[in-house]
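Asks: Quick one: the structure is below, questions incoming.
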Amino acid sequence: MNLRYPSFLLLAIGLLLNTVPMVGQDLNYTHYTVESGLLLPSNEVYGIVFDQNNVLWATTDRGIWRYDGYTPTQFTVSEGLKENTNFRIFCDASNRIWVSSINNYVSQIIGDSVRVHPMSQFIHQAGSAGLFIQQIALDRDSTIHLSYNRPGMLSCKPGEKPVQVNIHKINHPNASVAIHYQPDCFYWDMINIPDTCQGSEPKIEVDNGWIYITCGILDIKKNFHKELCPIGENEFLFSFSKRLFHVKDGLITAELIFSKDITALYVSKRGCFWVGFEGGGVKRFMKGNLKTMPQEFLRDETITGIAEDLEGNYWFTSANNGIFEAVTLDITLFENPTTNLKDNVITAMTSDGENIYLGTQTGILLKGTELPNLLYYFKPIKLPVVDGAVRKLYYTPDNHLILLNGCLQEIDTAGRPRGIRSINYYPFDYLRKRNGEWLASFTQVIRVVKGDRIIKEWDKNALKIAFPTETTFTKALTRIRTMLLDSQDREWMGSESSGLFSVKNSASYAWVVKDSLFGKRTHDIAEAGGNIWVSIADYGLAVIRPDSSFIRITEKDGLSSDIIDVLYAESDEVVWAGTNNGLNRITLKKGSQKPDKIDYYTMREGLPSNRIYQIIKHKGDIWVSTTHGVIRMKPGFTNPPENLPNLIVGPLLINGKSVEISDTVRLKPSGNNLVFKYRAISYRKPAIVRYRYKLEGVDKDYIITNNLE
């Protein structure tokens, strides 16, 4: 079978510079391919299903793939399949896996055993060239119903040969398709090739347990792909070639016609409608409303299957690009798909309330404007001076941007020089005062600017005059890397070699006097609820109270890393910390002597990278810049997974022999070597899942481990 599909492209949002032709935005995926090291037998994947234990099964042109988050397993003709190329895959109420092959052979997989169905040869012979099984339904009396891409439906009672069923065609000769629907068993049959009724309004009738839809569909290929996804007792989605119908209580409540064939349907636990296309990616209709503008993902992919596992991860199979897993839908990744990976290192961000501005390690400045349906259009801003990475960005009350790269630049949002225009020294940080003045720190000096001119300079000589008794502050002037103006009008300054200082009016205070910890290199400073949060190089966080007491927060308290580069205060009680090992969301309530809660998020939870450069809030969402693009996190991102991983216990090994675990296991006197196997079915880096067990009568306390036996 010769399949030709377009290759994968990210969603193009806008033209950028010659070296950055587009900005892609999509979910952040784990990509399973032949080359990914998980033994996916082929990048041509035709279907996906999760069994009752949350184990993934997928059909390919090189056999069946099973994956439980730990060990991939391949089933081929060597294990008993009739053919290696299998298209459709289903799981029945008894947790048996059913698959149909390229020549319409039907097989079952029960545990590790493959069984070609006894009627498979007859089903194969009843087919014809170009006829492919699209649905296998098992009725309550064990009758198998087979639906195809062309007219003709087969039913097979246990022990009997398949027969073509025609009773549903009586009295409805003009219908396009007949659907027998129950939430746990549904199948269909085409009655007529529907090309002849183009332009006619779709019509639906219900008669004797069958639902009849009459519609006009022009399909040059005569393939007539059909999908059905149940929603409830009398509600389902049905697709017919390029048409999608939402049917409820025997009525068509909504209909859409697309430009490409529909190849997959799914209704999520949240009630969203997912539609996959041939060469058109995936569309997501929020809250089950086909009349809203959909979100688009994996644009230009041919999507062959959509599924959601018990943890809430979403999976998409593609016709020529393997399998995509999205751990969360609440993260959108924006990246530059260029050959220069540094274009994706977003080192700085700021927001003017309506637009977001991104600076890259390659010196590019981008302005992002929101479009309908949560998309963004990014365009470049031409800088007056391109001088290395855009390290920091600030938006001023004058509607200007302060940009720090190899020099300091003040520009408007179109890139034109404004205000001070530029200061051609290497800058470290910027601080805005309430009187309109602002400070910028450089090597050995802090310059004070108002309007379009420098009005003051703090160099060593000036500091000796201003602070004659504070010699440490003079030494700190070498590199003031971070600054903050707090709610009490104190200026906080963190230096590279002399630690933390606070300045108000003409008084300065070196916090190393309080504790030697504050004499170490300061990475970032933030204020939340009157507390001053300080990131101290390699030593986690210090939180300074209004009474000058402080508490420490480190990895021992639950941080993912003590190396914290950036801080963002979300509220008086919540502060985000960006580290070299992901994000930390820290809750510290008023008066608490230790964090009330620390949640951390890494690549396991859907981040594209664990290295964090900056965190800001824009239009109610948290935006995080990383080494692999910038992500927008919706508020739902902080919610825990909907379900804990599914635990499977067994088999039990007695003297090395496998025995299935049951309520009662009788052991011989010699059966004294017992090994219990278990695993939690998780696809979010299962290697870090921890278990605890206790053998009653033997173990006093629970044993905590990440071993699987």
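Asks: Run the numbers on region 560-709 and let me know its relative contact order in percent, using alpha-carbon pairs under 8 Å that are six or more apart.
Replies: Normalised by residue count, the contact order of region 560-709 is 13 percent.
Asks: Follow-up question, since we're still on this one. Rounded to the nearest 500, what is the chain's calculated 222 nm mean residue ellipticity when only DSSP H runs of at least 4 contribute -39500 (n - 2.57) each, over all residues?
Replies: It lands at -500 deg cm²/dmol.
Asks: Separate question: What pairs in Lys260/Lys291; Lys342/Lys379; Lys464/Lys504; Lys464/Lys514; Lys475/Lys520 have C-alpha atoms more than 20 Å from each other?
Replies: Those over the limit are Lys464/Lys514.
Asks: Sticking with this structure for a sec: Relative contact order (percent) for region 114-257, with alpha-carbon contacts under 8 angstrom and 6 or more residues of separation?
Replies: Computed over region 114-257, the figure is 15 percent.
Asks: Continuing with this model, one more query. Going by average Cβ neighbours within 10 Å, how do the peptides 217-224, 515-522, 42-49 rank, with the highest at the top?
Replies: 42-49, 515-522, 217-224
Asks: Tell me, in nm to one decimal, what length is gained between Lys514 and Asp489 on full extension, where the rule is 0.36 nm per residue of separation less the Cα-Cα distance?
Replies: Stretched fully, the Lys514-Asp489 segment lengthens by 6.9 nm.
Asks: Right, something else. Under 1.5 on a/c is rounded, so check that first for region 506-590, then, if it is not, pick prolate when a/b is larger than b/c and oblate when it is not; a ≥ b ≥ c are the square roots of the alpha carbon gyration tensor eigenvalues.
Replies: Cα axes put region 506-590 in the oblate bin.
Asks: Using mean Cβ contacts within 10 Å as the protection proxy, how do 696-706, 137-147, 108-118 order, highest first?
Replies: Answer by packing, highest mean first, reads 137-147, 108-118, 696-706.
Asks: What is the sum of charges around Asn43, taking Lys and Arg as +1, Asp and Glu as -1, for the other residues whose C-beta is under 12 Å from the C-beta of Asn43?
Replies: Taking every Cβ under 12 Å from that of Asn43, the sum is -3.
Asks: Return the sequence-ordered ³J(HN,Hα) values of region 554-566 in whole Hz as given by the Karplus equation 6.51 cos²θ - 1.76 cosθ + 1.60 applied to θ = phi - 60°, using x for Gly and Pro.
Replies: 9, 4, 5, 8, x, 5, 6, 6, 8, 8, 10, 9, 8
Asks: Now for a different question. Using +1 at the C-beta of Lys and Arg and -1 at the C-beta of Asp and Glu, which of Cys91, Ile136, Ser101 has the Cα lying farthest in the positive direction of the dipole of region 79-208?
Replies: Highest projection toward the positive end goes to Ser101.
Asks: Can you give the FRET efficiency to the nearest 0.05 for Asn192 and Glu233, using r as the Cβ-Cβ distance and R₀ = 30 Å?
Replies: Efficiency for this residue pair is about 0.55.
Asks: OK, next. Which distance in nm do the two modelled labels at Lys700 and Lys291 give, with both placed 7 Å along the Cα-to-Cβ direction?
Replies: Placing both labels 7 Å beyond Cα along the Cβ direction yields 6.9 nm.
Asks: At 7 Å along the Cα-to-beta-carbon direction for both Ser94 and Asp412, put a label point, then send me their distance in nm to one decimal.
Replies: Spacing of the two 7 Å Cα→Cβ label points: 7.6 nm.
Asks: Which parts of region 499-542 would a label at Asp572 reach, counting a residue when its backbone N lies under 15 Å from a point 7 Å out along Cα-to-Cβ?
Replies: Under cut-off, by backbone N: 527-532.
Asks: So, one more: In nm, what is the difference between 0.36 nm times the number of residues separating Ser268 and Arg552 and their Cα-Cα distance?
Replies: Extra length available between Ser268 and Arg552 comes to 98.0 nm.
Asks: Turning to a different aspect of this structure: So which of Lys287/Lys556; Lys203/Lys287; Lys590/Lys634 end up more than 32 Å apart by C-alpha?
Replies: Over 32 Å apart, Cα to Cα: Lys287/Lys556.
Asks: Per residue, how many Å² of accessible area does the chain show with a 1.4 Å probe?
Replies: 45
Asks: I'd like the FRET efficiency for Asn505 and Val659, computed as 1/(1 + (r/R0)^6) with the beta carbon distance as r and R0 of 56 Å, rounded to 0.05.
Replies: The computed FRET efficiency comes out at 0.10.
Asks: If you don't mind, another one. Could you give the length gained on full extension between Phe676 and Asp398, defined as 0.36 nm per residue of separation minus the Cα-Cα distance, in nm?
Replies: Fully extending the segment from Phe676 to Asp398 adds 93.3 nm.
Asks: Can you list the HN-Hα couplings for region 63-80, worked out from phi with the Karplus curve (6.51, -1.76, 1.60; θ = phi - 60°), rounded to whole Hz and with x for Gly and Pro?
Replies: x, 9, 10, 10, 8, 10, x, 10, 10, x, 10, 10, 10, 10, 4, 5, 8, x
Asks: Follow-up. Output wanted: per-residue J couplings in Hz (rounded whole) for region 138-145, from phi through Karplus 6.51 cos²θ - 1.76 cosθ + 1.60, θ = phi - 60°, x for Gly and Pro.
Replies: 10, 6, 5, 8, 6, 6, 9, 10
Asks: Something else: Using a 1.4 Å probe over the heavy atoms of the protein chains, calculate the carbon and sulfur portion of the accessible area of the chain as a whole percent.
Replies: Taking all protein chains in place, the chain shows 49 percent carbon and sulfur surface.
Asks: Then there's this: What's the FRET efficiency of Lys433 with Lys619 using the Cβ-Cβ distance as r and R₀ = 25 Å, to the nearest 0.05?
Replies: It comes to 0.40.
Asks: Can you give the relative contact order of the chain as a percent, counting alpha carbon pairs under 8 Å and 6+ residues apart?
Replies: Value for the chain: 9 percent.
The values are calculated or read from the model by the stated rules, or taken from the named source; none is laboratory data. Small disclaimer: the values here were computed from a predicted structure and weren't measured. Reconstructed Cβ throughout: ideal geometry from the backbone, glycine too, with neighbour counts over all protein chains shown. Calculation scope for accessible area: heavy atoms of the full protein, side chains included, ligands and nucleic acids excluded. Shrake-Rupley method; radii C 1.70, N 1.55, O 1.52, S 1.80 Å.
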